[in-house]
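Chemist: Before I ask anything, let me first share the structure, which is written out below as structure tokens.
The values are calculated or read from the model by the stated rules, or taken from the named source; none is laboratory data. Everything numeric in this text was worked out from a predicted model, so none of it was measured. Cβ sites come from the backbone with ideal geometry, for glycine too, and all protein chains shown count toward neighbours.
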Amino acid sequence: MNIWQKLSSIDRRWVFLAMALFVAFPVLKPLGLPVTTTKEVEDIHSFIENLDGTKPIILGLDFGPSTAPELTPMAKALIRHSLSKGIPVLGVSLAPDAPGVANDIMKWAESELNAVMGKDIAYLGYKVGTLNVILQMGQGISKPFPKDYYGNNTDDLPIMEGVETLEDCAMVVGLEATAISDLWIQYAGDQMGVPIGIGMTAVSAPEAYVFYQSGQIVGLMGGMKGAAEYELLVNAPGAAVQGMDAQSLGHIVILVFIILGNLGYFFGTKGQEISRLKSLRDGEK
Amino acid sequence: MKTKLPLTVAFLTGIFMAFSYFVERDNVDWVRIIYEELNQNNIVIGVFVLYLGVATLIIKHAKNIRDKDSDSIYSWIVIASTFVVSWIGLAQTEGDSIGTNDNFQWVFNNFQVPLSATMFSLLAFFVASAAYRAFRARNTEATLLLIAAAIVMIGRVPIGAVISDALNLSGSFSLPAIAEWIMDIPNTAAKRAITIGVGLGMTATAIKIIFGIERTYMGSGK
Amino acid sequence: MIFNLIAPFNTPEGLGIWIAAFLTLCIFSFLYKDNPFYKFAEHLFVGVSTGYYISIYYWNTLKPNLIDELRKGFSALGEGNVQKAFGLDENGSIIAEPHLRMVVPLMLGIFIFLIFISRKNAWLSRISFAWYIGVASGIAIPASMATRVLIQAQGSVRDFCIFNAGCANAAGLDPQTATTSLWINSALLLIGTLCAVAYFFFSLPSKGVLKAMNKVGIYFLMISFGASFGYTVMARISLLIGRFQFLFYDWLGINI
Amino acid sequence: MIFNFLNLIFQIQIKEGKGPVFLVLVLFICALVFFLDKARKGASFKIRKIAGLDAVNEAIGRATEMGKSILYTTGLETASHIATIASLTILSRVAKRAARYGTRLQVPSFDPIVMTLSQEIVRESYLEEGMIDSFRKDDIFYLTQEQFAYTAAVEGVLIREKPATVFLMGYFYAESLLLAETGNSIGAIQIAGTDAVTQLPFFIVSCDYTLIGEELYAASAYLSEDSSIISSLKAQDFGKALLWIFLFIGSIFTFFGSVKFLSIIGGSS
């Protein structure tokens, strides 16, 4: 096996090791690369910036621990922003693994931002049934959520004053790890006419571009980059901005491996087996 | 009866929900009431469906233990941890809400979070090895895939802007701008086509379920 | 970079961090190869998450939406207030709190469990599934048609509206933003969509014009898949960064 | 007219802006009924063969040659999801071949109901092939309903059983790449099919063959030769053709300033 062939067949554990090292390094020693903001994120920011009055924002905390590194910074930056504008934030969860994470975020807002629970922020907890819950909220928020996560009657919370249904809220910002964003858009947005902003894991964000492009959502935050942008827009760089250096190096590692693989492919024996399926080898799709 | 009754139920509930979409519900009381009732019911039935999964799981592992499967130690782990965690969650909660149960939150933070987040983070490694192995410019399609991936990958992180500056690429020819364009135009076009097709498929399936043509969910086969 | 003390063992918080770090490393060990630590974590995960869900479903839905309603209903029944027990007000019209009306979903829920209990009556569970799936399908029919099909199509057409002042004004768009590059982009978007839709057209054999369109369609699909992949890499690395931030900052106590 | 009719009978007004959806739906249902009816009367529809469907048979053959097993997952959705239904149809076909060749077939499930269905379908297939004696009920098993716990468990099965062929058909979420990469690392041939737009790229790069979006439905129609599935595919094609024409003509008209086309599909969003 010559060197080119070796290049095109590196054991995947070496790839893993390189990845681990290059992502770990900037976590320990940040490089401080600059972060630029994009229009999708600015759109959400300016929408909230231009909100009048004290109608609450519904914050859909629909993510569990697995996607928290991307979405928690978004939640924190958003809460920081709207509370600074005097707009209360009402958290709800439609994903079963969300309450643990959401509870931590609420506790953070209480201690970091001096938010008053029940008045500035509230968390209604998780309810099974995703779209049934959204539709029911359109009829009355306390219908699916008679009590908040901490056992208080939802209708007695100061935050609920003058708020009955979803339509009484300033907007919904859904922070999503799964397809729940589609439901917010279809039902709360298209059906009830509530403005929707979406924050998504970078995986799902490409799919949501269609909705941004068609005007069904006011703005879109994608992944840790989107979170970092929002952190910068509200002048409070946090975990997401910190993570951006590691992102850059991680991407470079992958690109280097792609280049190595292609060098190996072109200079090594080109006739390597590409597909192991005969039907596909005959007529490469 | 055993087939007709469920089919009738699916037909009635389905047709009503579809119909209520078109009605200004606030003006028509009976529609609004049935609509709310069905929604409320489905939330509760959903919980039972989820508990069905729990029951199936426990039965399966209990069977493993009874059969003295070679791996029955692991079945013990499953059953024991299920029991302990639900005991903490159910029995140790005071008052009306789990939000005040700090022990439960502790278990969540220190077991559920690391397990699920680490499992998910393995993807960072797998995405690298998949990209390395699969992104080879062997034909037009694969090359397009490779180039689009590389540009977006680099254009979406801060270093993309740094590289663009170094190469003197600016405005709409900078890497972040090209990445953005790929996301907005070709990506939207393709995703839109798939979304439309899948949407038609979903609509057709839902219609067939309501009219009793599609019965897979009942277990009666075709 | 300052090395603090590693998280202490003797506080609940410190102990928790040690457990979390151990489990994190158990899962990471799978990258090298399958081993008993991974297998242990794998099964612990199944158990812990099941226990977590049992509790969350109970406190967040089963209790407030079913048990509490039924309890309130029965106590009203005990007081002899039959109307209130079924969630009706004095005039006999329905109020929001369903109370005893929740017997319906309770029954449907119990039917589901007949699968395990009684072979003879297991068919009743079909009613529950039919109910559950019927409602979901009914909601999906107009909604997926509207959101996934019509509004998407509208989005494509609307792009061209901006090039005509009258149309743009009517649709609330700013005709000033119509530029040559926008024109090219809109045209590309339309061509891409048309060709990619044609790729999924199964009724006609792929010949002639259709074949050419399929080809262009698959090019658009491939660019889109590549772009999504590239975009996603970021998400995946974020998760790893999150884990490293935990291991280094919380567990090892490294301050930067 | 239809709206007036509804108004007359039910005293109900169609919500503003929902009219177009209603009309399109009626049209679509008519097309569906038309094709179903024609199929029932014995008309046979042709659909284009999807390149690479041979891959399915070939992959099963490979497992047989190597004397190893096949692993089939139906995805992480419930039985009312179209992708799951399509996957179950393809499973029945795969199970028949596996039964004929005496190849072991394992189906780890995410949803208890889907598991029961899979068991029934595989059993039936073995029965039809006259191989019911080699049917192993425990090979179609339930794992858990937590996404990553399920993933971890399937990865365990992949690593420990080392199947020669892996089918990933149905609706998937982020676990797609974890499953497909692990499958690849044990050298299995992998055939995937999903309508989960976000997960398609990962299957494309790490599987040997991927059915993209609607191709999954078409594959199940093609393999099952079931008239109800094929006629619904026909109706979908009809819908796409209509939409295609609408997009084409609509864009031209709108470009020349006709606001009408925008309002036809309605909705103000």
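Chemist: Any idea which of D:R93, D:R62 is in a helix (DSSP H, G or I), within 22 Å of D:R160 (Cβ to Cβ) and of a type in the set (D, E, K, R)?
Modeler: Numbers: D:R93 fails: within 22 Å of D:R160 (Cβ to Cβ).
From the options D:R93, D:R62, the qualifying one is D:R62.
Chemist: Within the stretch C:48-62, can you find the residues that are surrounded by fewer than 23 Cβ atoms within 10 Å (Cβ to Cβ) and at pLDDT 90 or above? Don't jump to the end; show me each part of the working.
Modeler: Keep residues of the stretch C:48-62 that are surrounded by fewer than 23 Cβ atoms within 10 Å (Cβ to Cβ), which gives C:54, C:57-58, C:62.
Of everything in the stretch C:48-62, those that are surrounded by fewer than 23 Cβ atoms within 10 Å (Cβ to Cβ) and at pLDDT 90 or above turn out to be C:I54, C:Y58, C:L62.
Chemist: Which number in (1) surrounded by fewer than 17 Cβ atoms within 10 Å (Cβ to Cβ); (2) acidic (D, E); (3) outside any helix (DSSP H, G or I) marks the one condition that D:E77 misses?
Modeler: (1)
Chemist: Identify, by number, the condition in (1) over 29 Å from A:A20 (Cα atoms); (2) at the interface with chain C (Cβ under 7 Å from one of its Cβ atoms) that B:A117 doesn't meet.
Modeler: Failing condition for B:A117: (1).
Chemist: Is there a residue being at negative phi, facing chain C (nearest Cβ under 9 Å) and without any contact (Cβ under 8 Å) to a residue 40 or more places away in the chain anywhere in the stretch A:216-227?
Modeler: Yes: the stretch A:216-227 contains one or more residues that are at negative phi, facing chain C (nearest Cβ under 9 Å) and without any contact (Cβ under 8 Å) to a residue 40 or more places away in the chain.
Chemist: Could you check, for the stretch C:175-190, whether at least one of its residues is closer than 24 Å to B:G201 by Cα and either among the polar types (S, T, N, Q) or in contact (Cβ under 8 Å) with a residue 12 or more places away in the chain (or both)?
Modeler: We begin by selecting, within the stretch C:175-190, every residue closer than 24 Å to B:G201 by Cα; these are C:189-190.
Restricting the remaining residues to those that are either among the polar types (S, T, N, Q) or in contact (Cβ under 8 Å) with a residue 12 or more places away in the chain (or both) gives C:189-190.
The answer is yes; a qualifying residue exists.
Condition check ((1) under 20 Å from the mean Cα position of the chain (by Cα); (2) charged (D, E, K, R)) across all residues:
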residue: A:K85; (1), (2): no, yes
residue: A:V89; (1), (2): yes, no
residue: A:A95; (1), (2): yes, no
residue: A:G100; (1), (2): yes, no
residue: A:G125; (1), (2): yes, no
residue: A:N132; (1), (2): no, no
residue: A:Q139; (1), (2): no, no
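Chemist: Being more than 27 Å from the chain's Cα centre (by Cα), surrounded by fewer than 17 Cβ atoms within 10 Å (Cβ to Cβ), more than 7 Å from chain B (Cβ to nearest Cβ) and not charged (D, E, K, R): is that true of C:L182 here?
Modeler: Judged against the criteria, C:L182 is a match.
Chemist: Filter the stretch B:78-104 for residues that are assigned to a helix (DSSP H, G or I), out of contact with any helix residue (DSSP H, G or I) (no Cβ under 9 Å at 6 or more places or on another chain) and either within 7 Å of another protein chain (Cβ to nearest Cβ) or crowded, with 20+ Cβ neighbours inside 10 Å (or both) and give the result.
Modeler: Within the stretch B:78-104, just B:T100 meets the criteria.
Chemist: Follow-up question, since we're still on this one. Let me confirm something: among D:T84, D:T73, which residue is touching a helix residue (DSSP H, G or I) at 6+ places or on another chain (Cβ under 7 Å), under 30 Å from A:T178 (Cα atoms) and modelled with pLDDT of 95 or more?
Modeler: Checking each option against the conditions leaves just D:T73.
Chemist: Take the residues of the stretch B:34-76 that are under 30 Å from C:R101 (Cβ atoms) and polar (S, T, N, Q): which is surrounded by the most Cβ atoms within 10 Å (Cβ to Cβ)?
Modeler: Here the answer is B:N42.
Chemist: Return the only residue of B:L12, B:L52 being in contact with a helix residue (DSSP H, G or I) (Cβ under 8 Å, 6 or more places away or on another chain) and more than 18 Å from C:I110 (Cα to Cα).
Modeler: So the residue among B:L12, B:L52 that is in contact with a helix residue (DSSP H, G or I) (Cβ under 8 Å, 6 or more places away or on another chain) and more than 18 Å from C:I110 (Cα to Cα) is B:L12.
Chemist: Which residues, counting only those in the stretch B:5-29, are in contact (Cβ under 8 Å) with a residue 24 or more places away in the chain and not hydroxyl-bearing (S, T, Y)?
Modeler: If the condition is that a residue be in contact (Cβ under 8 Å) with a residue 24 or more places away in the chain and not hydroxyl-bearing (S, T, Y), then B:P6, B:L7, B:A10, B:F11, B:G14, B:I15, B:A18 are the ones that fit.
Chemist: Taking the stretch B:132-146, which residues are more than 7 Å from chain C (Cβ to nearest Cβ) and of a type in the set (A, V, I, L, M, F, W, C)?
Modeler: Matches in the stretch B:132-146: B:A134, B:F135, B:A137, B:A142.
Chemist: Okay, moving on. Would you confirm, using the coordinates I've provided, whether C:A76 is part of a helix (DSSP H, G or I), of a type in the set (A, V, I, L, M, F, W, C) and at negative phi?
Modeler: yes
Residue by residue, here is whether (1) surrounded by fewer than 23 Cβ atoms within 10 Å (Cβ to Cβ); (2) within 11 Å of chain B (Cβ to nearest Cβ); (3) free of Cβ contacts under 8 Å to residues at least 40 places away in the same chain holds:
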| site | (1), (2), (3) |
| --- | --- |
| C:L77 | yes, no, yes |
| C:G80 | yes, no, yes |
| C:G87 | yes, yes, yes |
| C:R101 | yes, yes, yes |
| C:M107 | yes, yes, yes |
| C:R126 | no, yes, yes |
| C:I133 | no, yes, yes |
| C:G138 | no, yes, yes |
| C:M145 | no, yes, yes |
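Chemist: Take the residues in the stretch D:34-70 that are on the phi > 0 side of the Ramachandran plot and modelled with pLDDT under 85, then tell me which one is nearest to the chain's Cα centre (by Cα).
Modeler: By that ranking, first place goes to D:G52.
Chemist: Could you count how many residues in the stretch B:116-137 are aromatic (F, W, Y) and farther than 14 Å from C:S238 by Cα?
Modeler: Kept after step one, since they are aromatic (F, W, Y), are these residues of the stretch B:116-137: B:120, B:125-126, B:132, B:135.
If we keep only those that are farther than 14 Å from C:S238 by Cα as well, we get B:132, B:135.
Residues in the stretch B:116-137 being aromatic (F, W, Y) and farther than 14 Å from C:S238 by Cα: 2 in total.
Chemist: Residues of the stretch D:193-211 being part of a helix (DSSP H, G or I) and of a type in the set (S, T, Y), which ones?
Modeler: Within the stretch D:193-211, the subset part of a helix (DSSP H, G or I) is D:197-206.
Within the stretch D:193-211, D:T198, D:S206 qualify.
Chemist: Given the conditions (1) within 24 Å of B:F83 (Cβ to Cβ); (2) within 7 Å of chain B (Cβ to nearest Cβ), and given that C:Y38 satisfies all but one, which numbered condition is not satisfied?
Modeler: C:Y38 satisfies every listed condition except (2).
Matching residues to (1) modelled with pLDDT of 90 or more; (2) facing chain B (nearest Cβ under 8 Å); (3) closer than 18 Å to B:G199 by Cβ:
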| site | (1), (2), (3) |
| --- | --- |
| D:Y171 | yes, no, yes |
| D:A174 | no, yes, no |
| D:L178 | yes, yes, no |
| D:E181 | yes, yes, no |
| D:G187 | yes, no, no |
| D:T194 | yes, no, yes |
| D:I204 | yes, yes, no |
| D:L216 | yes, no, yes |
| D:S220 | no, no, yes |
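Chemist: Follow-up question, since we're still on this one. Sort out which residues of the stretch D:56-74 are surrounded by fewer than 24 Cβ atoms within 10 Å (Cβ to Cβ) and over 17 Å from D:P108 (Cα atoms), and write them in order of number.
Modeler: Passing the criteria: D:N57, D:E58, D:G61, D:R62, D:T64, D:E65, D:M66, D:G67.
Chemist: What about B:S75, is it farther than 30 Å from C:A130 by Cα, not in a helix (DSSP H, G or I) and not charged (D, E, K, R)?
Modeler: Criteria not met by B:S75.
Chemist: Let me ask another. Among the residues of the stretch D:98-137, what is the count of those that are surrounded by 20 or more Cβ atoms within 10 Å (Cβ to Cβ), farther than 22 Å from D:E77 by Cα and of a type in the set (F, W, Y)?
Modeler: Residues meeting the conditions: 1.
Chemist: When the residues of the stretch C:109-123 are narrowed to those that are of a type in the set (A, V, I, L, M) and within 9 Å of another protein chain (Cβ to nearest Cβ), which ends up farthest from B:G46 (Cα to Cα)?
Modeler: Per the criteria, the residue is C:I115.
Chemist: I'd like the residue in the stretch D:222-250 that is within 20 Å of D:A43 (Cβ to Cβ), part of a helix (DSSP H, G or I) and among the charged types (D, E, K, R) and, out of all such residues, is nearest to the other protein chains (Cβ to nearest Cβ).
Modeler: Looking only at the stretch D:222-250, we keep the residues that are within 20 Å of D:A43 (Cβ to Cβ), and these are D:222-239, D:241.
Still in the running and part of a helix (DSSP H, G or I): D:222-224, D:227-239, D:241.
Now restrict to residues that are among the charged types (D, E, K, R): D:234, D:237.
Details: D:K234: 6, D:D237: 4 Å.
Among residues in the stretch D:222-250 that are within 20 Å of D:A43 (Cβ to Cβ), part of a helix (DSSP H, G or I) and among the charged types (D, E, K, R), the one nearest to the other protein chains (Cβ to nearest Cβ) is D:D237.
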